[in-house]
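Contents: one structure, followed by commentary.
The values are calculated or read from the model by the stated rules, or taken from the named source; none is laboratory data. Here the structure is a predicted model, which is why all the values come from computation and not from measurement. Cβ placement follows ideal geometry from the backbone for every residue including glycine, while neighbour counts extend to all protein chains displayed. When the accessible area is computed, the model is the full protein with side chains, heavy atoms only, and any ligands, DNA or RNA have been set aside. Shrake-Rupley method; radii C 1.70, N 1.55, O 1.52, S 1.80 Å.
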Amino acid sequence: MPGQRKRNRRQQEAGQRVSARFGADAGRWEVIVETQDPSEWRAQVRRLRAEHGQIDWSMTRMDTLCGRLALPTTYRLSRFVPNAGATSAEDRPGS
């Protein structure tokens, strides 16, 4: 298929950039919201999105931890907090 090699290469490079930016030695994930109620989850996310400038959404992760009989489903919003010395030029404000 035309362009498949180029597309695959771009996807691999994007994955490597994400790994470098959010790797274990670059920082940690900090939980902002965690709940087991889906309506509360949606309300919290809507409220955070309405507060412009509060969260850098490019550095957030939304997880749905699927439960079973013993554990209910949990919804979690986390933000990446870089280590003090791990900020790159693209992570700094104003660049």
> How far is it, in nm, from the label point at Lys6 to the one at Ser39 when both lie 7 Å from their Cα along the line to the Cβ?
Replying inline: 5.0
> Given (i) 43, 40, 27; (ii) 59, 31, 24; (iii) 70, 28, 27 as candidate values of Cα extents along the principal axes in Å, which corresponds to the one derived from the coordinates?
Replying inline: (i)
>> Accessible area per residue for the chain in Å², computed with a 1.4 Å probe and the full protein assembly in place, what is it?
In response: 78
> By how many degrees, between 0 and 90 and to the nearest 10, does the Cα long axis of helix 4-22 differ from the longest principal axis of the chain?
Replying inline: 60
>> I need the calculated FRET efficiency for the pair Val31 and His52, taking r as the beta carbon distance and R₀ as 22 Å, to the nearest 0.05.
In response: 0.50
